[in-house]
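These notes concern the structure reproduced below.
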Amino acid sequence: MGSTMAGLVDRARGLTAGGRRAVLGIAGPPGAGKTTLAEALRAELADAPPPGLPAGSWVAHVPMDGFHLADVELDRLGLRSRKGAPETFDAWGYTALLRRFLAGEDETVYAPGFERELEQPIAGAIPVPLAVRLVITEGNYLLLGQERWAGLREVFAEVWYADLDPGERLRRLVARHVRFGKEPAAALAWATGTDERNAELIATTRPRADLLVPSALLGSLGADPGTGLLS
């Protein structure tokens with residue numbers, strides 16, 4: 001069921017059988033196509049809801065990137081050079097927000113977004129109304145299960161792993177860093193340094209995924225229209 005986009009759409013739709021709320025996670029290393037896949041799924045699902053649910057407003061995309069710690073806090077903690085590592089996210093806040101959605105008690109749950117031009121989180125940027133039954137969320141460390149990430153796995157109905165070819169992932173990642181302001185040499189250094197260390201850690205979580213999304217499918221989705229790149 002995971003080898004085609006249609007199969008992924010059907011599998012995601014099935015998570016809300018009976019009208020229940022569900023969170024679908026998409027994990028993977030930097031540059032693997034997580035955001036592109038999440039947006040493609042949301043677009044396909046929006047107008048094809050399960051029986052009894054209205055079209056359009058039943059599915060939302062909430063990226064984990066909004067839970068980056070702000071640079072001012074990274075400076076205070078001495079973690080600015082490790083931005084993107086597990087300890088540079090508010091994983092507790094991320095888990096709490098997803099639990100709020102699953103509880104279904106608030107008229108709207110507001111999630112933070114992430115502005116890549118500024119490289120900063122933006123509070124209250126993504127509304128998740130009460131009508132939403134499926135939240136698609138993506139991020140590096142959904143399957144980590146250590147320290148501040150402990151307890152996160154249990155909020156997901158399923159977690160899929162974006163398994164893009166490593167060489168292609170690196171190429172796209174370097175290009176993305178250049179697109180958002182890094183000089184080519186600095187982009188390559190960051191992608192093969194900080195990003196690669198994080199990617200090696202994330203790769204250890206791959207066996208915990210419910211589904212591996214193959215490289216061929218990820219590549220077929222094309223570029224993220226917001227960045228021109230997979231993310």
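Bear in mind these aren't lab numbers, they're just calculated from the coordinates by the rules spelled out. Small disclaimer: the values here were computed from a predicted structure and weren't measured. Virtual Cβ from ideal backbone geometry, glycine too; neighbours counted across all protein chains shown.
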Got a sec? Charge dipole of the chain, +1 on Cβ for Lys and Arg, -1 for Asp and Glu; which of Ser57, Ala131, Val213 is way out at the positive end? Val213
Built amide H within the under 5 Å cut-off of Gln120, gap 5+: Glu115
To the nearest 20 Debye, how big is the dipole of the chain about its Cα centre, given +1 on the beta carbon of each Lys and Arg and -1 on that of each Asp and Glu? 260
Taking the number of other C-beta atoms within 10 Å as the exposure measure, put Ile26, Ile126, Ile202 in order starting with the fewest. Ile126, Ile202, Ile26
Search the structure for amide H atoms under 5 Å from the amide H of Leu69, placed 1.01 Å from N in the peptide plane, and list their residues when 5 or more places away or on another chain. Phe89, Asp90
Take every Cα-Cα distance within the chain, group them into 5 Å bins from 0 onward, and report for each bin the whole-number percent of pairs it holds. 1, 7, 14, 20, 21, 18, 11, 5, 2, 1, 0
Counting only DSSP loop positions in region 109-141, the GluC sites (Glu not before Pro) whose Cβ has at most 15 other Cβ atoms within 10 Å are Glu117, Glu119
Region 89-95 - phi-based ³J(HN,Hα) in whole Hz, Karplus 6.51/-1.76/1.60, Gly and Pro as x: 10, 8, 5, 5, x, 4, 4
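Considering only the chain, what is the antiparallel percent among its DSSP beta bridges, to the nearest 5?
30
Can you tell me, using C-alpha contacts under 8 Å and at least 6 residues apart, the relative contact order of the chain as a whole percent?
32
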Among Asp165, Asp47, what is the fewest-to-most ranking by other Cβ atoms within 10 Å? Asp47, Asp165
For region 25-126, what is the relative contact order in percent, using Cα pairs closer than 8 Å and at least 6 residues apart in sequence? 23
As a test of the formula, what do you get for the chain when each DSSP H run with n ≥ 4 contributes -39,500 (n - 2.57) and the sum is divided by the residue count, at 222 nm and rounded to the nearest 500 deg cm²/dmol? -10500 deg cm²/dmol
Amide proton proximity set for Gly28, modelled H, under 5 Å, gap of 5+: Gly139, Leu142, Ala162
In the neighbourhood of Arg148 defined by beta carbon distances under 15 Å, the net charge of the other residues (Lys, Arg +1; Asp, Glu -1) is -2
Whole-Hz Karplus couplings 3J(HN,Hα) for region 209-214, θ = phi - 60° and coefficients 6.51, -1.76, 1.60, Gly and Pro as x, run 6, 7, 7, 9, 8, x
Percentage of interatomic Cα-Cα distances in region 88-142 larger than 16 Å: 45
Taking Cα atoms, how many degrees apart are the long axis of helix 34-46 and the longest axis of the chain, rounded to 10 and kept between 0 and 90? 20
Total charge dipole magnitude, region 1-114, about the Cα centre, Cβ charges on Lys, Arg, Asp, Glu only, Debye to nearest 20: 300
Calculated from backbone phi, Karplus (6.51, -1.76, 1.60) coupling profile of region 148-162 in Hz, x at Gly/Pro: 5, 8, 5, x, 6, 4, 6, 7, 8, 5, 8, 10, 9, 10, 7
